[in-house]
Structure formats: structure tokens, C-alpha cells
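K.L.:
Pasting a structure below so you can have a look.
Please treat every number below as a calculation from the coordinates, not as lab data. Only a predicted model underlies this, so the values are computations on that prediction, with no experimental measurement involved. Cβ coordinates were reconstructed from backbone atoms using ideal geometry, including for glycine residues, and neighbour counts include every protein chain displayed.
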Amino acid sequence: MRSQDEAEIVACIPSLRRYARALLADRDRADDLVQDTLERACARLALWRRQGEVRAWLFGIMHNQFVDRLRAQRSRPEDSAGDALPEQPQRPLQTDALELRDLERILQRLPPEQREVLLLVAVEEMSYLEVAGAVGVPLGTVMSRLSRARARLQEELQGPDPGRAGRERAGQVTDRIRRVK
């Protein structure tokens with residue numbers, strides 16, 4: 001492996017960890033996903049065509065690893081966590097912790113296809129084209145999944161009878177997500 005390639009891969013590790021943790025909501029499973037992604041990338045570095053950024057290639061590998069794990073988990077339903085999500089550590093401000101927990105739970109209720117596209121665009125700031133390459137779907141599919149994810153996120157944040165405070169909070173979160181492209 002060339003040292004330049006190695007440096008580019010190492011520079012992507014924080015983004016990969018952040019994305020994996022948002023996808024899985026479990027620090028240990030996320031770290032395992034990142035490790036498996038890096039192992040596969042190092043083993044197949046010679047296959048990388050250098051036609052794009054190494055970052056998009058790594059996210060593509062992670063996407064495939066994530067999907068493989070989902071399929072394996074579905075074949076063993078007794079191993080799935082179901083709707084129970086692990087408790088997250090408390091942040092210093094109680095309202096921040098509650099909002100973060102609510103957002104994490106809502107994200108986990110999104111279908112995996114929508115959640116991964118939303119996270120790649122909003123959190124990792126990847127372009128739609130980069131996301132399409134990483135996930136292996138057409139650009140229109142990325143845009144469609146992102147639109148459905150944003151709508152569902154807004155719907156979940158508003159709840160059945162949002163009132164003014166719920167609409168304002170949902171609007172603020174949606175505005176933040178839309179700004180990040």
C-alpha cells in the first residue's frame with residue numbers, strides 16, 4: 001500500500017466512525033463495522049480504480065458491509081434488538097440530551113435505505129452524486145430516498161398534534177438538514 005493511499009484512508013476514519021455510530025446506535029457494533037470496512041479496503045486496495053475519492057469508495061464498502069449485516073440479522077430475528085434502543089450517555093444539558101435521544105430514536109425508525117442517505121448527505125456532507133456512488137443506486141433514487149427521509153423526519157418530530165412548539169422544533173431541524181448539501 002502506498003503511504004499516500006494509507007494517509008487518505010486514515011483521514012477518513014473519523015467520518016466512517018461517525019456514520020457507523022449514527023447508523024447502528026451502538027458504539028461497539030459501529031466500531032466493528034468500521035474495522036471490517038477498513039480490513040476489506042486494505043485487502044482490496046489494488047481493485048480500487050482511483051476514479052473518484054477514496055472517501056466515497058470507503059463509504060461504499062461500509063454500505064455493503066451494513067447491508068450484509070442487515071440481511072444476516074433478518075435471517076436471525078432472535079438476535080435483533082427490535083424497537084429497544086440502548087440508552088445514550090447524558091449530555092451536560094438536559095434538553096440537549098433529550099433532543100439528541102429523540103432524534104436518534106427517530107433516525108432508527110427510518111428505513112435503513114433512507115437513514116443512510118440522510119446521514120451521508122446531512123452529517124457527512126457528501127454530494128448526491130457521491131452518495132449515489134457509495135450506496136450503488138442512481139442519483140434519482142438518492143434524491144427520492146432523501147426526500148422521503150426528510151418528510152418522515154419532519155412528520156415524526158411534529159407528532160400527531162404538534163402545536164406551535166413542535167412545528168418550530170421540526171422546522172429548525174429540517175432547515176438544518178436542508179442547509180447541509
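K.L.:
Compute the distance in nm between two label points, each set 7 Å from the Cα along the Cα-to-Cβ direction, one at Q108 and one at C42.
P.N.:
Spacing of the two 7 Å Cα→Cβ label points: 3.1 nm.
K.L.:
Rank-order 125-134, 5-14 by packing density, defined as the average count of other C-beta atoms within 10 Å over each peptide's residues, highest first.
P.N.:
Highest to lowest by the protection proxy: 125-134, 5-14.
K.L.:
May I ask you to order 112-119, 38-45 by the average number of other C-beta atoms within 10 Å around their residues, highest value first? Show your work: numbers first, answer last.
P.N.:
Numbers: 112-119: 21.4, 38-45: 14.2.
Answer by packing, highest mean first, reads 112-119, 38-45.
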